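First comes the structure, then the notes that go with it.
The values are calculated or read from the model by the stated rules, or taken from the named source; none is laboratory data. No experiment lies behind these values; they were computed from the predicted model shown. Heads up, the Cβs are rebuilt from the backbone with ideal geometry, glycines too, and the neighbour counts pull from every protein chain shown.
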Amino acid sequence: MIRKLDRMLLGTFVPVFLVGLSFFVLIIQLIDIFAEIVRYMNLEVSLSVIAQAQLLFLPKAVSYSLPVAILFAVSFTLGNLYSNNELIAVYGAGIPLQRFVVPFLAAGILLSIAGFVFEEQVVVHSFRDRNRLDRELLNIGRDQGSPNVTVLAKEGQIVYNADYYTHESLSLHGVTVIEREPGAGFLTRIHASRAEWRDNAWEFINAELYTMTEPGSSDSRVERKRHDRLRLEHLNAEPELFGRLTRSLDEMQLGEARDWVSRLRAAGLPYRRVLTEYYSRISFAFTPFIVAMLAAAVGSRFRKNVLLLSLLVSLSLAVGYYVLGMVLSLMSAAGHIQPLVAAWLPLTLFAALGAVLFRLARS
């Protein structure tokens, strides 16, 4: 009997979920195209290119729609069963709500895993291509440079400072580089009018090199040499660290994001916001399961207007889940809480809330 009920529940849930997913994807696609349609028309972009842009955005729209579609499908399915009094027989047979909605919870777990894999293998690549296409179509270029930049390398032993960084030519202007010993003692200092990125290292032009001879001894002194061009292979901090750090984690797989966080931290640049986004990528993969649990637990709280009320309450809880995540991310970026806490606290709190609602559920 239990297996028949599971099949019946899934047989009702799956079609509603697929219809809901298609509907929400369409809504998100329409919002996206209407946000850019004026600029597309002004730039006389062809319909084929617009269609290509929308096709590249489709996986991201599916990713956005997945939790909402699950919430709608669970609420709709339970609402119909309650309104048609079909659960009377289920409860009369001694089957509690917690056991009856197991297919919903199992579907939430499977869709969470599938959504995570889909995000890593498909969404990241298509969204990166879509953003690149948008930059070409709408004449949105990458940031051309950054003024007054400072970067640390080799765990703070090398300090770069430049009056300006130019992205197009991968060059630093008015640059100073200081190399220190692990104990913070001075080793070398370079002043140069410009530095160019060539073959994975910086080449300094019109440079003055100051070197500490016999550091740590009483006979130490500083030697000064001029170089038309000076190249030291270990001075190889990557050019993108000197930009305005506009890279988006939405365009990176987890491995790339982890490396980017490590490079920001090693360079002494702000990394807490990016680290929070990295952890959130993992924690928010469980969102389909959380919304399925909340919708299933809330559905048993009402006796009238079950579908409408359960959908509204479930949607309100889901919005609260996202808002809490956003607030904690801002607090993490400001240094008030740890990035790991900011990423996982919403999931923990709402999972606990779902468990409490299930324990108090009417069955």
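You will find that of V90, V45, V68, V49, the residue that is outside any helix (DSSP H, G or I) and in contact (Cβ under 8 Å) with a residue 24 or more places away in the chain is V45 and no other.
Scanning region 61-105 for residues that are small (G, A, S), buried (at least 21 other Cβ atoms within 10 Å of the Cβ) and within 19 Å of G354 (Cα to Cα) gives A69, A73, S75.
The conditions are (1) at pLDDT below 85; (2) farther than 14 Å from A295 by Cβ; (3) under 36 Å from the mean Cα position of the chain (by Cα), and L78 fails exactly one of them. Which is it? Just one mismatch for L78, condition (2). Among the residues of region 331-354, the ones that are without any contact (Cβ under 8 Å) to a residue 12 or more places away in the chain and surrounded by 13 or more Cβ atoms within 10 Å (Cβ to Cβ) come to 3 in all.
When A106 is tested against (1) in contact (Cβ under 8 Å) with a residue 12 or more places away in the chain; (2) in a helix (DSSP H, G or I); (3) of a type in the set (A, V, I, L, M, F, W, C), exactly one condition is not met: (1). Contact annotation: no residue pair with Cβ atoms under 7 Å, 6 or more positions apart or on different chains, pairs a residue in region 113-126 that is of a type in the set (D, E) with a partner that is modelled with pLDDT of 90 or more and surrounded by fewer than 17 Cβ atoms within 10 Å (Cβ to Cβ).
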